[in-house]
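Asker: A single structure is presented below for examination.
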Amino acid sequence: QVQLVESGGGLVQAGGSLRLSCAASGRTFSSDAMAWFRQAPGKEREFVAFINWSGGSTIYADSVKGRFTISRDNAKNTMYLQMTSLKPEDTAVYYCAADPKSHNIATLLYDYWGQGTQVTVSS
């Protein structure tokens, strides 16, 4: 059974940092691109960051550029999202996704999704 499991979420004050992890099991994703999305209450799920299979190419949403860093460790079958300078508007459930089915990597067309981890940023 293929699973993506996010961890590392929590409550943090504005300006703080968190590191999210996405651990994959059931198959290796070392040949697949992966991404982070988030969904705030009452809003649609939105793209946050993308990383190609090797980690050599990354793309960020404008709202997180310069504050968030996506990375991966293929030996551990794990992807990360380092979040710094957090803002209250970053509050959301964060999801990891793998194996995109569209050239537009910001869409929701990924084959695998995690269950999400809550990030809450207080002002």
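The values are calculated or read from the model by the stated rules, or taken from the named source; none is laboratory data. Please read these numbers as outputs of a predicted model, since none were measured by experiment. Ideal geometry is used to build each Cβ from the backbone, glycine not excepted, and the neighbour counts take in all protein chains shown. Side chains are part of the model used for accessible areas, which takes the heavy atoms of the whole protein and leaves out ligands, DNA and RNA. Shrake-Rupley method; radii C 1.70, N 1.55, O 1.52, S 1.80 Å.
Asker: Between SER7 and ARG67, what length comes free when the chain is fully extended (0.36 nm per residue of separation minus the Cα-Cα distance, one decimal in nm)?
Answerer: 19.7 nm
Asker: Could you please put LEU18, LEU81 in sequence from largest to smallest accessible area, using a 1.4 Å probe?
Answerer: Ranking LEU18, LEU81 by accessible area, largest first, yields LEU18, LEU81.
Asker: Now for a different question. Apply 1/(1 + (r/R0)^6) to the Cβ-Cβ distance of SER85 and SER31, taking R0 = 41 Å, and write down the FRET efficiency to the nearest 0.05.
Answerer: 0.80
Asker: What accessible area per residue comes out for the chain, rounded to a whole number of Å², with a 1.4 Å probe?
Answerer: Averaged over the residues of the chain, the accessible area is 51 Å².
Asker: In addition: Suppose the chain between THR107 and SER54 were pulled fully straight at 0.36 nm per residue; how much longer would it get relative to their current alpha carbon spacing?
Answerer: 17.0 nm
Asker: Peptides 39-46, 92-99, 110-117: what's the order by average Cβ count within 10 Å, highest mean first?
Answerer: Result, highest mean Cβ count within 10 Å first: 92-99, 110-117, 39-46.
Asker: I've got another one for you. In a Gaussian network model over the chain where Cα atoms closer than 10 Å are linked, find which of ASN104, ASN77, ASN52 has the largest mean-square fluctuation.
Answerer: Ranking ASN104, ASN77, ASN52 by mean-square fluctuation puts ASN104 first.
Asker: Give the residue from SER71, THR28, ILE59 lying farthest towards the positive end of the charge dipole for the chain; charges sit on Cβ (+1 for Lys and Arg, -1 for Asp and Glu) and the dipole is referred to the Cα centre.
Answerer: The residue sitting farthest along the positive end of the dipole is SER71.
Asker: Straight distance only, please: which lysines reach the Cα of LYS87 with their own Cα at less than 29 Å, same-chain residues fewer than 8 apart left out?
Answerer: Reachable lysines: LYS43, LYS65.
Asker: Determine the relative contact order of the chain: mean sequence separation of Cα pairs under 8 Å and six or more apart, normalised by residue count, in whole percent.
Answerer: The value is 35 percent.
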